[in-house]
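Read through the structure below, which is laid out as structure tokens, and then see the notes.
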Amino acid sequence: MSGQVPAAPKAGNPPAAPAQIADMPLEVIGQPGVPFVEIETLRAREFIPAAKEALSSLLKEQAEGKLIRPVFNWAGRNSLFPLHWGLACCAIEFAAAFGARWDAERFGVVPRSSPRQCDLLIVNGTVTWKVAHKLITLYEQMPEPKWAIAMGNCATGGGPFRTAYSVVPGVDKLIPVDVYIAGCPPRPENMLDGILRLEQLIKERGA
Amino acid sequence: MKRDELAASLTARFGDRILGVDAFPGLLGRVRFDSTIALELFRAFRDDLKFVHLTMVGATDWVDHREVFYVLWSDADLVYVLLSTNLPPDAPTIASAVPIWPSANAHEREAWDLVGVRFEGHPDLRRIFMPEGYAYHPLLRSFKIHEPEDLEVKVRSD
Ligand code: SF4
């Protein structure tokens, strides 16, 4: 029974074949045929036993030393919590991307205002040397695993102020950056593309 | 008040340490003074001439000297006046205007940070735009535009 995935009773699809979670290719997680989606087809009364069984099989796997990273990876990359550090004009475009028209929240990305609640730091704007140490503090306050996006030319490489005496020529001088979004400012579509690319990156690289 | 009246009253009081009262477009005039009388001059402007408000303090690096200037506003006469003095580039020091006009505080910090003018008697003369420990005054003519990589090394070397 170890590692066996409980098939959903009365599901529309034929029950999925038992599979070791740890052996599954990453793409399978979250696709139809594995439990996390079929949970949606359960009735309320059936949900709790099914969830219990799924959970206990996961825990058993963990006790046997098999990692269940793919699950965490899948869950983590589909619900990123960005801390946005809006320092300059790019923050306006960031706000637009999370507003009604482009609605970045449909990708599970919900901006929070405290670094303790976030796993993604989005630097949008011109970082000066005066606040550089605060950026490092914010990054260090975020719990692991964490990622960082440099949004806009300023955060990527100093932008139009690259040779200025007061501007950090790229936040990768201060913190590790996973995705760079070019543009001055990047369009909201570009911002969304960056987030999707980061999700792809997490999927490929593992959390 | 007219510019020649201002010039007459200032020279009557400070003599040849008032170097000139020039015309200046949009202002009552530009008073050039010797930096040794700074505090008395400020006090005279505030208490006797009723220039109650200090609008800004700025500084410029002219290579052979540094100019510090003050823009004052009079509520009674509804005019601005510009005070300007030259300091030697090797020891650019002048009395702080904070005891006379508290609004000078941030402006003098800015002039110190960017142009390197020391204001004696300033209550808290720290850098304002650049991080503490930064080694340069970046609006000096002698400051070179760095390659960003050089700049990074120099900032971190403190
Ligand atoms: S990249 Fe352009 S839009 Fe973005 S913060 Fe810099 S100057 Fe502003």
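No value in this document is a laboratory result; all are computed from the given coordinates. On a predicted model such as this, the values are computed, not experimentally measured, just so you know. Virtual Cβ from ideal backbone geometry, glycine too; neighbours counted across all protein chains shown.
With r defined as the distance between the Cβ atoms of A:Phe107 and A:Glu189 and R0 fixed at 22 Å, what FRET efficiency is calculated, to the nearest 0.05?
0.95
Helix B:3-14 versus the longest principal axis of chain B: what angle, 0 to 90°, nearest 10, using Cα atoms?
Tilt relative to chain B: about 80 degrees.
Give the average, rounded to an integer, of partner chain Cβ atoms located within 10 angstrom of each Cβ in B:88-99.
Mean shielding by partner chains, rounded to a whole number: 0.
Does anyone have the angle between helix B:104-115 and the longest principal axis of chain B? Alpha-carbon axes, 0 to 90°, nearest 10?
Here the helix axis deviates by roughly 50 degrees.
Return the sequence-ordered ³J(HN,Hα) values of segment B:87-100 in whole Hz as given by the Karplus equation 6.51 cos²θ - 1.76 cosθ + 1.60 applied to θ = phi - 60°, using x for Gly and Pro.
Running phi through 6.51 cos²θ - 1.76 cosθ + 1.60 with θ = phi - 60° gives 10, x, x, 7, 9, x, 10, 8, 5, 6, 8, 4, x, 8 Hz.
When you look at the Cβ of every residue in A:160-167, what mean number of other chain Cβ atoms sits within 10 Å?
5
Mind giving me the FRET efficiency for B:Met1 and B:Arg127? R0 is 30 Å, r the Cβ-Cβ distance, nearest 0.05 is fine.
The formula returns an efficiency of 0.20 here.
³J(HN,Hα) across segment A:90-107 via Karplus (A = 6.51, B = -1.76, C = 1.60, θ = phi - 60°), whole Hz, x for Gly/Pro?
With the stated coefficients, segment A:90-107 comes to 4, 4, 5, 5, 4, 4, 5, 5, 9, x, 5, 6, 9, 6, 5, 5, 5, 8 Hz.
Please order A:Cys89, A:Cys184 by the number of other Cβ within 10 Å, starting at the fewest.
A:Cys184, A:Cys89
Counting partner chain Cβ atoms within 10 Å of every residue's Cβ in B:129-138, what's the average?
Partner Cβ neighbours, averaged per residue: 3.
For segment A:99-202, state which trypsin sites (Lys or Arg not before Pro) are in a DSSP loop and have at most 10 other beta carbons lying within 10 Å of their beta carbon.
A:Arg101
What size of dipole, in debye to the nearest 20, comes out for segment B:3-150 about its Cα centre when the only charges are +1 on Lys and Arg C-beta atoms and -1 on Asp and Glu C-beta atoms?
It works out to roughly 240 debye.
Residues with beta-carbon under 11 Å from that of B:Arg66, excluding B:Arg66: net charge, scoring Lys, Arg +1 and Asp, Glu -1?
-2
Given the pairs A:Lys130/B:Lys50; A:Lys52/A:Lys203; A:Lys130/A:Lys203; A:Lys173/A:Lys203; A:Lys134/A:Lys203, which are separated by over 32 angstrom at their Cα positions?
A:Lys130/B:Lys50; A:Lys130/A:Lys203
In nm², what is the average projected area of the convex hull enclosing the Cα atoms of chain B?
10.0 nm²
Is the C-alpha gyration tensor of segment A:90-203 telling us rounded, prolate or oblate? Criteria: a/c under 1.5 is rounded; beyond that, a/b larger than b/c is prolate, otherwise oblate.
Judged from the Cα gyration tensor, segment A:90-203 comes out oblate (a/c at least 1.5, b/c at or above a/b).
Identify which of B:Trp62, B:Trp73, B:Trp112 has the largest mean-square fluctuation in a Gaussian network model of chain B, with springs joining Cα atoms closer than 10 Å.
For chain B, modelled as a Gaussian network with Cα springs under 10 Å, the answer is B:Trp62.
Can you tell me the dipole magnitude for segment A:90-203 around its Cα centre, using point charges on the Cβ only (Lys, Arg +1; Asp, Glu -1), in Debye to the nearest 20?
Charge dipole, segment A:90-203, about its Cα centre: 260 debye, nearest 20.
Report the calculated FRET efficiency for B:His65 and A:Ala95 (r = Cβ-Cβ distance, R0 = 35 Å), to the nearest 0.05.
E between B:His65 and A:Ala95, to the nearest 0.05, is 0.15.
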